[in-house]
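Taking it in order: structure first as structure tokens, then the write-up.
The values are calculated or read from the model by the stated rules, or taken from the named source; none is laboratory data. The structure displayed is predicted, hence computed values, not measured ones. Glycine gets a Cβ as well: all are built from the backbone with ideal geometry, and neighbour counts include every protein chain shown.
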Amino acid sequence: MTRTDLIEAMAQETGTDKQQAKSFLEGFTRVVEREMKNEGEVPLAGLGKFKVMKRKARVGRNPATGEAIQIPAKTVVKFTVAKVLKDLIKT
């Protein structure tokens, strides 16, 4: 599904026009970005939760040479899928 397909599907599902659906999607994206920047969480009932995680530094391997390399600590965004959605696709 492309972004345009998503906007069209949202417009159809909610009975609004494409411009309103696009505006909602852009607003939602800004809210998620702002919360991630502030290291917050964004729960989406039935879908999952966006949250910021801090990864510790660790030792990894260069797949081409097998040489050990140091991977630095970093902050990442993680999306955890809701149990309801996981159960839906298991069937």
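The lone criterion from (1) of a type in the set (A, V, I, L, M); (2) modelled with pLDDT of 95 or more; (3) in the same structural domain as Val77 (by TED's automatic domain parsing) left unmet by Ala9 is number (3). For the range 22-47, taking the residues that are small (Gly, Ala, Ser) and at pLDDT below 95, the one that is farthest from Leu88 (Cα to Cα) is identified as Gly40. Contact annotation: residue pairs with Cβ atoms under 8 Å, 6 or more positions apart or on different chains, pairing a residue in the range 70-91 that is within 22 Å of Pro43 (Cα to Cα) and free of Cβ contacts under 8 Å to residues at least 40 places away in the same chain with a partner that is surrounded by 11 or more Cβ atoms within 10 Å (Cβ to Cβ) and aromatic (Phe, Trp, Tyr), are Lys78/Phe50; Phe79/Phe50.
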